[in-house]
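The structure appears right after this line, and notes come after that.
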């Protein structure tokens, strides 16, 4: 009976130590869960597992009356707790790795987002430059159009002036031709009269005068 009590006490101490270790692990796991909660909200499985551990712990406290039976049970539970601790350590390590992976993914996403922002800003600047260039082209096109309109007006004016000048020259030429024809008709009449009268000297004078008139008219034309 003494050996059994000592063994039981020893088992209790070991169990208590394991329980304390387990409590510390739970605290650390809870801390990791809280940190992970900010990043990831999918921890339902771990919460169920912790609830299960609490129920088993409560059951252990209530079954302490049956010592001998409890001793064997304690041994089994001790083994189970060790396994659970191993599982908890594995789960904790897994949580840490997942947290680190999520952190790295977030860093990559931040880098990608920054890259996208820079590319967007570059595209915006390029678009602004294109708008400025387009506006410049529009203004230059408008200026060219106005210049062309002015040149067209100027050309029309020059054509009008040229036509007027040509018309004036033509009128002057018609006038001179008419004048020449009148003089020629008068000379022809005089020549005819003098020929009929037989005045040779007068005929010579008229012919000489006619030659001078023709020469002068040609110069005027």
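The values are calculated or read from the model by the stated rules, or taken from the named source; none is laboratory data. Keep in mind that what you see is a predicted model, and the values were worked out from it rather than measured. Quick reminder, even Gly has a Cβ in these numbers, built from the backbone with ideal geometry, and neighbours come from all protein chains shown.
Does the range 70-82 include one or more residues that are more than 28 Å from residue 29 (Cβ to Cβ) and surrounded by 10 or more Cβ atoms within 10 Å (Cβ to Cβ)?
yes
A quick yes/no check of all residues on (1) within 30 Å of residue 103 (Cα to Cα); (2) modelled with pLDDT under 75; (3) in contact with a strand residue (DSSP E or B) (Cβ under 8 Å, 6 or more places away or on another chain); (4) not in a helix (DSSP H, G or I):
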position: 13; (1), (2), (3), (4): no, no, no, no
position: 24; (1), (2), (3), (4): yes, no, no, no
position: 51; (1), (2), (3), (4): yes, no, no, no
position: 57; (1), (2), (3), (4): no, yes, no, no
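When you go through 133, 114 one by one, which is the residue that is under 26 Å from residue 35 (Cα atoms), part of a helix (DSSP H, G or I) and not assigned by TED's automatic domain parsing to the domain that holds residue 15?
So the residue among 133, 114 that is under 26 Å from residue 35 (Cα atoms), part of a helix (DSSP H, G or I) and not assigned by TED's automatic domain parsing to the domain that holds residue 15 is 114.
For a quick check of your reading of the model, give me the residue pairs whose first member lies in the range 17-34 and is over 22 Å from residue 78 (Cα atoms), whose second is at pLDDT 90 or above, with beta-carbon atoms closer than 6 Å and at least 6 apart or on different chains.
These pairs meet every condition: 32/95.
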